[in-house]
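K.L.:
Would you mind keeping the following structure in view while I ask a few things?
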Amino acid sequence: MTNYLIDTHAHIDMLEDMEIAIKKAADNGVNKIILPCAYPKDIEKIHEISEKYENVFGLLGVHPTEANDWDDTILDKIKHLAQSPKIVGIGEIGLDYYWDKSFNDLQKDIFIKQIELANEMNLPVCVHDRDAHKDTFDILKEHNKNSKVVMHCFSGSVEFAKECIKEGWYLALGGVVTFKNAIKMKDVAKDIPLDKLLLETDSPYLTPVPFRGKENQPAYVKYVAEEIAKLRGITFDEIADATTRNAEKVYKI
């Protein structure tokens, strides 16, 4: 049995004190952190942080809301820096129709380009899907050939979760599952096969109970694990063991 947790999605570069957060995570049994990239300007920074800290691994990619800042030289930059063993996937990439639907087609185009790069490099993809379940699913089905898929901060229904699981994709759950009114997420947490479940915080966002309203940190991923264990009627150690094995398998860390 493993006795530690992995936070598969934490924007530690956005925290008030990244150094302290990394140490606090380790002190709380979270001994690996995966740091995703959102902005084109941060690609080098994410690579540098991943190289600097032994227990931090990076994902490189451009978030769908930043699609207007895209140019195709970014693919070359990602490809070059992703040669590092500390870069373990392409992300976070995907579709976000929540804020602004005026550039949905551009988002799709950039999502596809980044999936193709991940396929070429045989790296997993970490997928952001907000209010865009059908298009995200269809694009992945059509364009993803060989990359493992992680549905980051999964927000769909139990039915959609089942469709994703059928494709062999992994679903990552975070602090939302601890919110009292998050009935749908609690249902998903009970239903996901353990071998397809990952844990994340999405720090500094979506802080779990009992710290809701404060800055989220990787150390708090244990509260996500505790809630899922309680919902499923199994032990914390069973959740820790399964999710850690899954993360190590997907990201080869």
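Per-residue answers, yes or no, for (1) in contact with a Gly (Cβ under 7 Å, 6 or more places away or on another chain); (2) under 21 Å from Ile87 (Cα atoms); (3) of a type in the set (A, V, I, L, M):
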position	(1), (2), (3)
Ile192	no, no, yes
Leu198	no, yes, yes
Asp202	yes, yes, no
Tyr251	yes, yes, no
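K.L.:
So, one more: Kindly list the number of the only condition in (1) closer than 24 Å to Arg232 by Cα; (2) of a type in the set (Lys, Arg); (3) out of contact with any helix residue (DSSP H, G or I) (no Cβ under 9 Å at 6 or more places or on another chain) that fails for Lys184.
P.N.:
Just one mismatch for Lys184, condition (3).
K.L.:
Do we find that Ile46 is within 25 Å of Asp241 (Cβ to Cβ), at pLDDT 95 or above and either among the charged types (D, E, K, R) or surrounded by 22 or more Cβ atoms within 10 Å (Cβ to Cβ) (or both) in this structure?
P.N.:
Against the criterion (within 25 Å of Asp241 (Cβ to Cβ), at pLDDT 95 or above and either among the charged types (D, E, K, R) or surrounded by 22 or more Cβ atoms within 10 Å (Cβ to Cβ) (or both)), Ile46 does not qualify.
One line per residue, one yes/no per condition, for (1) in a helix (DSSP H, G or I); (2) farther than 23 Å from Phe160 by Cβ; (3) not basic (Lys, Arg):
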{"position": "Lys101", "(1), (2), (3)": "no, no, no"}
{"position": "Asp109", "(1), (2), (3)": "yes, yes, yes"}
{"position": "Ile115", "(1), (2), (3)": "yes, no, yes"}
{"position": "Ala118", "(1), (2), (3)": "yes, no, yes"}
{"position": "Asp138", "(1), (2), (3)": "yes, no, yes"}
{"position": "Glu142", "(1), (2), (3)": "yes, no, yes"}
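K.L.:
For Glu16, which of the numbered conditions (1) free of Cβ contacts under 8 Å to residues at least 60 places away in the same chain; (2) farther than 14 Å from Gln114 by Cα fails to hold?
P.N.:
The failed condition is (1).
K.L.:
Next question. Just checking, how many residues over the stretch 177-230 are in a helix (DSSP H, G or I) and either touching a residue at least 60 places away in the same chain (Cβ under 8 Å) or closer than 21 Å to Gly29 by Cβ (or both)?
P.N.:
17
K.L.:
Something else: Would you confirm whether or not the stretch 157-176 contains a residue that is touching an Asp or Glu at 6+ places or on another chain (Cβ under 7 Å) and in a loop (DSSP other than H, G, I, E, B)?
P.N.:
Yes.
K.L.:
Of the residues that make up the stretch 100-121, is at least one closer than 18 Å to Ala172 by Cα and more than 14 Å from the chain's Cα centre (by Cα)?
P.N.:
no
K.L.:
May I pose another question? Specify the residue that is farthest from His9 (Cα to Cα); the eligible residues are those in the stretch 131-149 that are in contact (Cβ under 8 Å) with a residue 40 or more places away in the chain and among the charged types (D, E, K, R).
P.N.:
Asp135
K.L.:
So, one more: Considering only the stretch 59-74, I want to know if a residue exists there that is exposed (fewer than 14 other Cβ atoms within 10 Å of the Cβ) and either within 16 Å of the chain's Cα centre (by Cα) or over 30 Å from Ser102 (Cα atoms) (or both).
P.N.:
no
K.L.:
A further question on this structure: So, in the stretch 75-120, how many residues would count as being of a type in the set (Ser, Thr, Tyr) and either closer than 16 Å to Tyr251 by Cα or surrounded by 13 or more Cβ atoms within 10 Å (Cβ to Cβ) (or both)?
P.N.:
2
The values are calculated or read from the model by the stated rules, or taken from the named source; none is laboratory data. Everything numeric here is computed off the predicted structure, so don't read it as measured data. With ideal geometry, Cβ positions are generated from the backbone for all residues, glycine too; neighbour counts draw on all protein chains shown.
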